[in-house]
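So the structure is just underneath, and the comments pick up after that.
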Amino acid sequence: MGLLFVGFLSLVWPYISNVVLILVFAFLFTTVLLKSVDSIERRINNRGLSVLIVTVGLLAGIGLFIGSFISEISQQATDFSNRIDQDTLTAEFSKLGAKISATLPEGMATGSGDFSAALSGFIQIVIENLAALAGVIGNFVLNAAMILIFTIILLAEYHHFKKVLVGFFSNKYFEVGLGLIYNIEKSVSSYLRGQFLAAASVAVMSLVGLTILNFTGANLTLTVFIGIIAGLANLIPLVGPFVGMIPAILIAFMNNIGNDVAMAHQLFGVVPSPFYVLDIVVMFIIVQQIEGNLITPTLVGKSVGIHPMMVMISLIIGGTLMGPLGMLFAVPATGILKVIIHEIMFVRRNAHLL
Amino acid sequence: MKNALWNNIFQGWNSQESETVLTLKQVPIFKGFTDKEFQDLEKLFHRRAYDAGEFVFKNRAPGEGMYIIMKGAVKITIGTRENNEQILAELSEGSFFGELALFDDDPRSANAIATVQSDLLGFFTADLMTLNDRNPQMGNKILLNLGGVLGERLRGTNQLLLESQSN
């Protein structure tokens, strides 16, 4: 029976994977936003209006962030192109390539000789793939719109849907089923809220760290956006923290190119750190350590307690099935599975009592 | 045709109270509730049907909440049917039981068995928590009324104890 189900699922998976992805994301968003909707409903006593207020607030926040981010980044790009012409850029790339080669051991240095050519080739590939990128963005916007619609429906009808779902349980398992759903809700909601609080703390700490780096002459701009992106990237375990560093490194590179002092900068006056790249990496590592060892254990506690090995396995499975988005919800999904298995084991142990 | 149209437009204006609301109005836990509150409350209750002889819950099973008898009858027992079953109470329509599970995580302290084909309304800890999040005024009313009912029962138990000691 189980094998038949797996076979059937693998057959239909390509057709339903997108819908499943949309539903899972809608459920996760619903779990995060449900408390806010309930709390507004408590004040105004109107569910529909509460959903509308939360949705409009969320969309306004996202719109404001994306809008000001695009405006700031285009301003940054304009400044960059006004300041640096192509010859200077190629010369700087060559200088950087030579500097990297000089710091590498003899055997490893051969490949990085023509650094500027490699980078130009990379940019060429990026431009060629812009059409494909447009398609991906279109698909993303469509999926995001569907997730939004499903989230609104789920938020408005959540308690009714739950009641309907509970109605499917037989009398014998009814109370246990209700307890199971309640425990899953509690675990997922506390896990997600903990994650978002941890992400917010990473954003704030990164902002503080970047400001401190600016005092040492790092010349970093868009620090608020870099902080927010680092916080959001932090939601993806293991991989996220490294992704969060990339915008900061790019901005440091863009702002300091042509600046010989920044090029010759050394971390603690010892380790070469051109354009403050190593300083940024060390700052983000410190932020991650504070978040991982102090903030998350305090905020989330160890209630979800998934073994690091399981986190890695679930990330690989999530990544293989649905790419980066799969990685984003791999750990909450594993958390839900853990709660379900725990509850089923409890029911099996106490089956004679039902 | 015309009547059907107007009936659709003004549906709900002259609607009859549902069976659930009529049952809830008999229960002292919901004393002092308005019609609107009864309508909101109805959405939280789970209506379940039980055959004669079917267990609603068993002694020592994990308990999640209380039941109100809408139709039929339920007996509260300890012991097993084969082995010295003792009937603690026989409850009829409008009665409620299992409310202690709303306050603690302890397992059930008795069996509840439907004696005839019965319809019960279930109200559980999860529903009470949800109600407290969405409408704390209503949640508080229920808790206060429940406290009153439990206090009344405690006074009754004390009275019985005193009577048994004096005899």
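Listed values, structure above:
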| read-out | value |
| --- | --- |
| Packing-based exposure ordering (other Cβ within 10 Å, fewest first) of B:Thr23, A:Thr223, A:Thr320 | A:Thr320, A:Thr223, B:Thr23 |
| Ranked list, fewest to most other Cβ atoms within 10 Å of each Cβ, for B:Leu146, A:Leu142 | A:Leu142, B:Leu146 |
| Options A:Phe329, A:Asn255, A:Ile226, ranked by Cα towards positive dipole end of segment A:171-354, top entry (Cβ charges) | A:Phe329 |
| Isotropically averaged projected area of segment A:171-354, using the convex hull of Cα atoms (one quarter of hull area), nm² | 12.7 nm² |
| Dipole of segment A:171-354 [Lys/Arg +1, Asp/Glu -1 at C-beta], most positive-end residue of A:Ile285, A:Gly240, A:Asn171 | A:Asn171 |
| Within the protein assembly as shown, helix-based [θ] at 222 nm, where runs of 4 or more DSSP H residues each add -39,500 (n - 2.57), nearest 500 | -23500 deg cm²/dmol |
| Computed over chain A: relative contact order in percent, which uses C-alpha pairs under 8 Å that are six or more apart | 16 percent |
| Proxy reagent accessibility, fewest Cβ within 10 Å first, across B:Lys36, B:Lys71, B:Lys141 | B:Lys36, B:Lys71, B:Lys141 |
| Long pairs among A:Lys172/B:Lys43; A:Lys163/A:Lys186; B:Lys36/B:Lys58; A:Lys35/B:Lys58, criterion Cα-Cα beyond 24 Å | B:Lys36/B:Lys58; A:Lys35/B:Lys58 |
| Computed E for B:Glu54/A:Ser39 - FRET, C-beta separation, R0 41 angstrom, nearest 0.05 | 0.55 |
| Degrees between helix A:86-103 axis and first principal axis of chain A (Cα, 0 to 90, nearest 10) | 80 degrees |
| Test item: Cα-centred dipole of the protein assembly as shown, Lys/Arg +1 and Asp/Glu -1 on Cβ, debye | 940 debye |
| Sequence-separation-based contact order of chain B, relative, with Cα cut under 8 Å and 6+ spacing, percent | 27 percent |
| Karplus 3J(HN,Hα) series, Hz, for segment A:265-274 with 6.51 cos²θ - 1.76 cosθ + 1.60 (x for Gly, Pro) | 4, 10, 6, 6, x, 10, 8, x, 9, x |
| Gyration tensor over alpha-carbon atoms, the protein assembly as shown, equivalent ellipsoid semi-axes in Å | 61, 26, 23 |
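Every read-out reported here was derived from the displayed coordinates using simple, explicitly stated rules and does not represent laboratory data. None of these values were measured; they are calculated from a predicted model. For neighbour counting, all protein chains shown are included, and Cβ atoms are generated from backbone atoms with ideal geometry for every residue, glycine included.
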